[in-house]
1. Select from region 85-128 the residues that are touching a residue at least 40 places away in the same chain (Cβ under 8 Å) and among the β-branched types (Val, Ile, Thr) and list them in ascending order.
2. In region 182-203, how many residues are touching a residue at least 60 places away in the same chain (Cβ under 8 Å) and closer than 20 Å to Gln29 by Cα?
3. Failed condition for Ser276, given (1) more than 25 Å from Phe336 (Cα to Cα); (2) under 42 Å from the mean Cα position of the chain (by Cα), with all others met?
4. When you go through (1) in contact with a Ser or Thr (Cβ under 8 Å, 6 or more places away or on another chain); (2) free of Cβ contacts under 8 Å to residues at least 24 places away in the same chain one by one for Ser354, which number turns out not to apply?
5. Do we have Gly277 as part of a loop (DSSP other than H, G, I, E, B), over 30 Å from Gly398 (Cβ atoms) and in contact with a Phe, Trp or Tyr (Cβ under 9 Å, 6 or more places away or on another chain) here?
6. Test of understanding: among Glu229, Glu246, Glu202, which residue is open to solvent by 50 Å² or more (accessible area, probe 1.4 Å), under 15 Å from Glu9 (Cβ atoms) and in contact with a strand residue (DSSP E or B) (Cβ under 7 Å, 6 or more places away or on another chain)?
7. Being in contact (Cβ under 8 Å) with a residue 60 or more places away in the chain and farther than 17 Å from Asn384 by Cα is the filter here, so list the residues in region 242-298 that pass it.
Amino acid sequence: MPQQIFIAEQLRIAALLKDERIDELIVAQGRYQIGDIFLGTVENVLPGIDAAFVNIGESEKNGFIHVTDLGPLRLKKAAAGITELLEPRQQVLVQVMKEPTGNKGPRLTGNISLPGRYLVLQPHGQGVNISRRITSEGERNRLRALGVLIKPPGNGLLIRSEANSINEELLINDLESLLQQWEAIQQASESFTPPVLLNRDEDFIHRVLRDHINPDLARVVVDQANAVERINEFLTKDGKQNVLVEAHNGSTDFLQHFRINSVISDALRPRVDLPSGGYIIIEPTEALTVIDVNSGSFTRSANSRETVLWTNCEAAIEIARQLKLRNIGGVIIIDFIDMESRRDQLQLLEHFTSAVKEDSARPQIAQLTELGLVELTRKRQGQNIYELFGKACQHCGGLGLTPLLPGHDLLQPMAKATGLVRSSSLSRSDEQVSANNNNLRRNQLIRNRSNEITSIPIHAAPPSGSSFQSPINETTSEATTNDVSGNRQDPELIGVRMDSEQEEVFSFLGLNPVLLLDQTPSNENFLVRIVRQGEEIETVLEEAKKQLTAAVTRRRKRGKGGGTTRVINRSNSEARINLESANPMDDDEAIESSQNEIKPKVVPETNNSSEETQSIQNLESSEPEEGSKSDQEIEDPRRRRRRSSASNESDS
């Protein structure tokens with residue numbers, strides 16, 4: 001696949017294209033860059049963490065060096081604590097191996113290495129090492145033998161993958177330039193006072209071409225015309241003469257014209273869309289980076305298994321590209337879509353391994369975990385895209401959310417509407433409250449009636465044949481009627497239009513027709529009338545009002561006219577009490593009233609006379625017919641049997 005390189009030398013940004021897509025960004029910005037060589041001074045030695053902080057002069061943050069990275073800086077060759085290997089104010093020659101991130105300063109090492117086009121010189125190293133990408137055993141033996149011959153004593157050599165099939169002359173020339181560079185660094189370290197920067201790859205174009213071109217390079221574009229000659233010179237020495245080198249002459253910005261800025265903006269977003277309709281989410285954290293794969297709108301496969309496998313394979317290719325583009329390093333966790341087939345899982349791992357094979361950071365992929373996650377590590381190479389081009393939001397501090405505290409902000413409207421069918425817990429609660437209210441009303445009515453009965457004076461019966469009317473009747477009847485009418489308000493009449501199907505459904509489910517209204521009635525005391533098709537709502541409500549008025553009138557007449565007469569024999573004296581029986585407003589009160597009513601008890605006398613019998617008959621005959629009928633309807637059968645037995649004994 002042909003490779004293209006776009007280089008903005010002024011901004012020190014380069015983009016590597018593959019298949020007309022930007023796969024990798026090279027950025028050389030900031031105070032510290034990987035490969036910089038400094039002459040510094042040891043500031044602090046911390047035995048608790050086996051590390052030291054070195055002042056390298058260009059930032060408030062000192063460089064960090066661990067005991068395992070000291071290399072030739074050790075004062076003693078034997079293994080010992082860092083306090084015995086380094087001391088404060090000691091001058092050290094160090095190289096930046098990791099750029100600063102966040103609140104951390106750059107990480108340093110004492111093992112200096114100078115990269116060339118084909119070789120890497122390690123002044124304090126040992127032996128000859130060959131790149132793993134050179135797989136031919138014959139070529140590896142040839143390069144190893146050549147390296148042993150040309151390697152200076154006391155130095156180490158690393159033969160890069162670009163040296164594959166390269167003749168000996170080019171390797172020797174590359175080594176001679178690296179030795180000259182190292183000699184100049186040593187002379188500068190003896191001449192200058194720390195802290196000072198001794199060496200840096202100032203030629204950005206040379207660095208990009210040296211480290212990133214491959215045999216498929218087809219085109220190089222730069223932002224300045226004077227850089228074309230330097231590029232052609234480098235490529236000629238490298239044996240690449242068929243590469244097109246040109247300078248950008250357009251009026252638009254270089255990064256804008258080649259869509260480099262657009263790619264950077266998209267790479268800062270967490271979501272990346274896949275060609276088939278799926279997408280991946282990339283979320284970096286302090287400890288690791290999490291990547292989630294989703295199928296999205298992809299539905300072109302015949303079954304779910306093919307859909308999942310296809311989406312995961314597409315995601316594996318895109319994840320490999322995004323790791324290089326965003327320069328993500330450290331621990332990476334990928335949550336692919338779950339696959340039940342072990343064969344599909346192995347196929348996905350093989351596909352992902354081949355996708356990251358060309359990554360220079362050498363990702364190490366672990367096996368699929370029990371939770372279906374793929375774990376891998378990737379070597380950190382400089383700052384990632386979030387640290388280079390991202391800035392924390394000044395409002396949320398990089399959290400991505402602004403707090404909405406309860407009581408101060410309203411995140412979403414409060415739920416006030418109620419459902420048509422209430423939950424069982426609320427229904428039981430309402431039934432309990434209603435039962436408690438009914439019990440309170442019953443107890444209050446019983447106490448009122450008990451007070452009325454206990455306050456009635458017992459009058460002696462007048463002589464036979466005299467007309468007697470108790471003054472209690474009128475008072476009690478009026479008080480009861482006024483009490484009932486005062487506590488009860490006329491209900492509100494409501495008409496609800498319903499068709500036959502709605503009426504059948506509501507009656508079957510036991511639902512209230514009021515649920516069909518747009519607004520619930522504010523008055524709790526209401527009566528509902530169903531208005532069927534062809535009926536006028538005014539006519540139905542007027543008829544219901546007449547029926548309600550007639551019912552109230554009948555109850556009042558029944559309350560005024562009906563009475564009960566009870567005979568009580570006490571200490572051989574006769575008394576007659578005429579009690580008004582108020583008509584209960586509901587069935588529950590009627591049952592409670594009948595259960596708590598004072599039951600008459602007729603005590604038979606041994607000396608019964610005809611006058612007593614006559615007085616009882618007169619009293620019974622003096623009761624109104626309507627009241628008598630009402631009492632007979634609600635009279636307890638046991639009371640009726642006692643009365644009949646008393647009459648039989650009197651007749652005998």
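The values are calculated or read from the model by the stated rules, or taken from the named source; none is laboratory data. Everything numeric in this text was worked out from a predicted model, so none of it was measured. Cβ: placed from backbone, ideal geometry, glycine included. Neighbour counts: every protein chain shown. SASA here: full protein model, heavy atoms, side chains in, ligands and nucleic acids out. Shrake-Rupley method; radii C 1.70, N 1.55, O 1.52, S 1.80 Å.
1. Val92, Val94, Val96, Thr101, Thr109, Ile112, Val120
2. Of the residues in region 182-203, 6 are touching a residue at least 60 places away in the same chain (Cβ under 8 Å) and closer than 20 Å to Gln29 by Cα.
3. For Ser276, the exception is condition (1).
4. Condition (1) is where Ser354 drops out.
5. Here the answer is yes, as Gly277 does meet what is asked.
6. Of Glu229, Glu246, Glu202, the one residue that is open to solvent by 50 Å² or more (accessible area, probe 1.4 Å), under 15 Å from Glu9 (Cβ atoms) and in contact with a strand residue (DSSP E or B) (Cβ under 7 Å, 6 or more places away or on another chain) is Glu246.
7. Of everything in region 242-298, those that are in contact (Cβ under 8 Å) with a residue 60 or more places away in the chain and farther than 17 Å from Asn384 by Cα turn out to be Phe254, Leu255, Phe258, Arg259.
Matching residues to (1) assigned to a strand (DSSP E or B); (2) not hydrophobic (A, V, I, L, M, F, W, C):
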position: Leu235; (1), (2): no, no
position: Lys240; (1), (2): no, yes
position: Glu246; (1), (2): yes, yes
position: Leu255; (1), (2): no, no
position: Glu286; (1), (2): no, yes
position: Trp310; (1), (2): no, no
position: Ile319; (1), (2): no, no
position: Leu325; (1), (2): no, no
position: Ile333; (1), (2): yes, no
